[in-house]
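S.K.: Before I ask anything, let me first share the structure, which is written out below as structure tokens.
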Amino acid sequence: PAAFHEIAAVLQQSLSEVRRIARELRPEALDDLGLVNALIALCARVSGHSGLWIDRAFARELPCLGAEADLVIYRVAQEALTNALRHSRATQIAIGLACEPDHVVLSVRDDGCGLPDPLGECTGLTGMRERALLIDAHLELRSARDAGVEVRLAVPVPVMASGRR
């Protein structure tokens, strides 16, 4: 009986860990709130932890990009915000989500120290590039020494059956 209770406790702990990992893979906020509201919640959480105000400018209406694209946008925004806080010594961060004719564009800008030159191996940046490739998006990093970094992700709007976007 004691061994059974121990096994049950280990299984319960393992199940809790699997649930935590699943939440991190696809944040519940995306499913519950949608992309824009999930980004607002992300900004509020990051701002709450850091004390740094994040200026937000999100389009009121976005085309449906699909669950995979929403997740990529969310994760790129999350990584860009994390990098700005950890590495840039930024005093201001701005995040935007805008509609262009054939793309939805995520932009995260900070006023920090810029990217190191040479950049070297940065797993966060590599992860953002790999995520962008998964959905045929274009990721661009702009950096100027002591003038900050801009991460720009252009996600193509899917063509509908009618041939229009």
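S.K.: Write out, first by first residue and then by second, each pair whose Cβ atoms fall under 9 Å of each other, whose residues are 6+ apart or on separate chains, and whose first residue, in the range 20-35, is open to solvent by 80 Å² or more (accessible area, probe 1.4 Å) while the second is modelled with pLDDT of 75 or more.
M.R.: LEU25/LEU71; GLU28/ALA38; ASP31/ALA38; ASP31/ALA67; ASP32/ALA38; LEU33/ILE40; LEU33/ALA41
S.K.: Going through the range 45-59 one residue at a time, which ones are surrounded by 13 or more Cβ atoms within 10 Å (Cβ to Cβ) and not polar (S, T, N, Q)?
M.R.: At the first step, the residues of the range 45-59 found to be surrounded by 13 or more Cβ atoms within 10 Å (Cβ to Cβ) are 45-47, 50, 52, 54, 56, 58-59.
ARG45, VAL46, LEU52, ILE54, ARG56, PHE58, ALA59, listed by residue number.
S.K.: Could you please let me know if ALA41 is at pLDDT 90 or above and under 22 Å from MET128 (Cβ atoms)? Steps first, please.
M.R.: Numbers: at pLDDT 90 or above: yes; under 22 Å from MET128 (Cβ atoms): yes.
So ALA41 passes the test.
S.K.: Here is a follow-up. On the given criteria, is GLU130 open to solvent by 90 Å² or more (accessible area, probe 1.4 Å) and under 25 Å from GLU28 (Cβ atoms)? Reasoning before the result, please.
M.R.: Working: open to solvent by 90 Å² or more (accessible area, probe 1.4 Å): yes; under 25 Å from GLU28 (Cβ atoms): yes.
Yes: the conditions hold for GLU130.
S.K.: Quick one: in the range 78-110, of everything that is without any contact (Cβ under 8 Å) to a residue 40 or more places away in the chain and part of a helix (DSSP H, G or I), which residue is surrounded by the most Cβ atoms within 10 Å (Cβ to Cβ)?
M.R.: Result: LEU81.
S.K.: Scan the range 103-132 for residues that are modelled with pLDDT under 85 and within 27 Å of ARG60 (Cα to Cα) and report the count.
M.R.: 0
S.K.: For the condition open to solvent by 50 Å² or more (accessible area, probe 1.4 Å) and under 26 Å from PRO156 (Cβ atoms), what is the one hit in LEU42, LEU71, LEU62? Explain how you work it out, then say what you get.
M.R.: Values: LEU42 fails: open to solvent by 50 Å² or more (accessible area, probe 1.4 Å); LEU71 fails: open to solvent by 50 Å² or more (accessible area, probe 1.4 Å).
Among LEU42, LEU71, LEU62, only LEU62 is open to solvent by 50 Å² or more (accessible area, probe 1.4 Å) and under 26 Å from PRO156 (Cβ atoms).
S.K.: Do you know which residues across the range 140-159 are in contact (Cβ under 8 Å) with a residue 60 or more places away in the chain and either at positive phi or in a strand (DSSP E or B) (or both)?
M.R.: Once the filter is applied, which keeps residues that are in contact (Cβ under 8 Å) with a residue 60 or more places away in the chain and either at positive phi or in a strand (DSSP E or B) (or both), the range 140-159 yields GLY148, VAL149, VAL151, LEU153, VAL155.
S.K.: Separate question: Identify, from the list GLU61, GLU68, GLU100, GLU150, the residue that is under 13 Å from the mean Cα position of the chain (by Cα) and modelled with pLDDT under 95. Before the answer, list the steps.
M.R.: Values: GLU61 fails: under 13 Å from the mean Cα position of the chain (by Cα); GLU100 fails: under 13 Å from the mean Cα position of the chain (by Cα); GLU150 fails: under 13 Å from the mean Cα position of the chain (by Cα).
When all the criteria are applied, what remains is GLU68.
The values are calculated or read from the model by the stated rules, or taken from the named source; none is laboratory data. A quick note: this is a predicted structure, and the numbers were derived from the prediction, not measured. Reconstructed Cβ throughout: ideal geometry from the backbone, glycine too, with neighbour counts over all protein chains shown. Remember, those area values only see protein heavy atoms, side chains included, never the ligands or the DNA or RNA. Shrake-Rupley method; radii C 1.70, N 1.55, O 1.52, S 1.80 Å.
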